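Encoded as C-alpha cells, the structure appears first; notes follow it.
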Amino acid sequence: MYRSGVDESESGVTGVGVTEIAVSGKLSVPYNRDGDKDAIETAMSRKIGEFEVEEFLSAPIPTLVLSNIRWTTYRSLLSDLGDRRSIRLTFDRGRLQLKMPSKLHELINRLLARIVTTLTEEFDLEVVNLGSLTLEREDLQRAAEPDTCFYIQNARFLEGLDPEIPTNLPPDLAIEVDITSPSTQRMGVYAALGIAEVWRYTKRDRLKIYCLSPESNGYMESPSSLAFPMVSAEVLNGLLRERETKSENQVIRSLRNWIRDRSIDSIN
C-alpha cells in the first residue's frame with residue numbers, strides 16, 4: 001500500500017523523506033515527513049484531479065497508510081487534525097495509519113459500548129468510558145485511538161470529571177470494529193500499551209474476545225470476558241444478531257432480562 005523514496009520529479013515535493021500514501025488503493029499522494037504542508041495540499045489537489053470525485057469518495061477502504069514517519073510528525077498531524085474529527089490514528093514505530101469509520105462501523109461500535117455500560121450497571125461495577133481517547137507512549141513509539149475504551153477494574157483510580165490518567169495505567173477494555181480495514185497493526189499496539197482485553201468485531205469472524213497473555217506478550221482468544229466473566233463471545237454475538245431485526249433499546253432490554261434471569265437461576 002505504500003513505498004518510500006518517491007521520485008521528487010514525479011511527486012512535485014522537494015526535500016528529503018518523501019513517502020507515498022495510498023488511500024483505498026485508488027489514490028497515491030506523496031507526503032513529506034518534514035512537514036511541507038503546502039506541497040502536500042498542492043500534490044493532493046493535482047492527484048485527486050486525475051480521478052472522478054465520486055469515485056474517490058466511494059472508495060471501498062477508507063484507510064490511509066504512511067511509512068517512515070517521525071514521532072514529531074505524527075504529533076504535529078494529531079494537533080492539526082484537532083479533537084473534533086472522525087479520523088482515528090494508529091502509530092507503530094514509524095508507520096502511521098489513518099482510518100475513517102463507516103456508518104455500519106459506528107453503529108456496531110456504539111451498540112457494543114452501550115452493552116459494556118449496561119453490564120457495569122447490572123453487575124454494580126464502576127466504569128469510565130473514554131471513547132476513542134488517544135493512547136500513546138513515546139518511549140515505545142506507539143499510539144492508538146480505540147473505537148471505544150473503558151476503565152472498569154481500574155475505574156476507581158480515575159476520580160472527578162477530568163481525571164489525570166497515569167501513563168502506566170492503560171484501559172481495561174477496548175472495542176475494535178473492523179468493517180473495511182484490518183486491525184492487525186492496532187492489536188499489536190494495544191498489546192504493547194498493555195490493554196488487558198479487546199472485543200474485536202470483523203465481518204468474517206463476528207465478535208471475538210481477546211485477552212492479553214503475559215507469556216506471549218500478545219493476545220489470545222478467550223471464550224469469556226475478563227471484565228465480565230459471565231459474558232461470552234457467544235452471548236455478545238447473539239445480541240448483535242438481534243440488532244438485525246430489533247431496535248437498539250430492545251437489544252439492551254434483552255440483555256438486562258438475560259442477566260436477571262441468570263441471577264434468579266443462580267439463587268434457585
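The values are calculated or read from the model by the stated rules, or taken from the named source; none is laboratory data. The shown structure was predicted, so the numbers you read here are calculated from the model rather than taken from an experiment. For neighbour counting, all protein chains shown are included, and Cβ atoms are generated from backbone atoms with ideal geometry for every residue, glycine included. These accessible areas exclude ligands, DNA and RNA; they are computed on the full protein's heavy atoms, side chains included. Shrake-Rupley method; radii C 1.70, N 1.55, O 1.52, S 1.80 Å.
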> Where the centroid of each part is defined by its Cα atoms, how far is region 203-268 from region 142-177 in Å?
Replying inline: 20 Å
> Distance in nm between label sites at Asn217 and Thr184, each 7 Å beyond Cα in the beta-carbon direction?
Replying inline: 1.9 nm
> Using unit Cβ charges (K, R positive; D, E negative) and no other charged atoms, how large, in debye to the nearest 20, is the dipole of region 118-242 about its Cα centre?
Replying inline: 580 debye
> Farthest toward the dipole's positive end in region 117-268, which of Leu169, Gly238, Val198, given Cβ charges of +1 (Lys, Arg) and -1 (Asp, Glu) about the Cα centre?
Replying inline: Gly238
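Which of the GluC sites (Glu not before Pro) across region 119-176 are loop residues per DSSP, with 13 or fewer other Cβ within 10 Å?
Within region 119-176, the qualifying GluC sites (Glu not before Pro) (loop, at most 13 other Cβ atoms within 10 Å) are Glu126, Glu138, Glu159, Glu164.
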>> Explain nothing, just the number: dipole magnitude of region 183-268 about its Cα centre with +1 on each Lys and Arg Cβ and -1 on each Asp and Glu Cβ, in debye rounded to the nearest 20.
In response: 340 debye
> When all protein chains stay in place, what accessible area (Å², nearest 10, 1.4 Å probe) is found for Lys246?
Replying inline: 90 Å²
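Estimate the FRET efficiency between Asn257 and Thr202 by the formula 1/(1 + (r/R0)^6), using the beta-carbon distance for r and 30 Å for R0, to the nearest 0.05.
0.60
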> So what's the net charge close to Ala227: Lys and Arg +1, Asp and Glu -1, counting the other residues with Cβ under 10 Å from its Cβ?
Replying inline: -2
> What spacing in nm lies between the two simple spin-label points modelled at Phe123 and Arg84, each 7 Å away from Cα in the Cβ direction?
Replying inline: 3.7 nm
>> In Å², and per residue, what accessible area does region 94-172 have when probed at 1.4 Å with the other protein chains present?
In response: 51 Å²
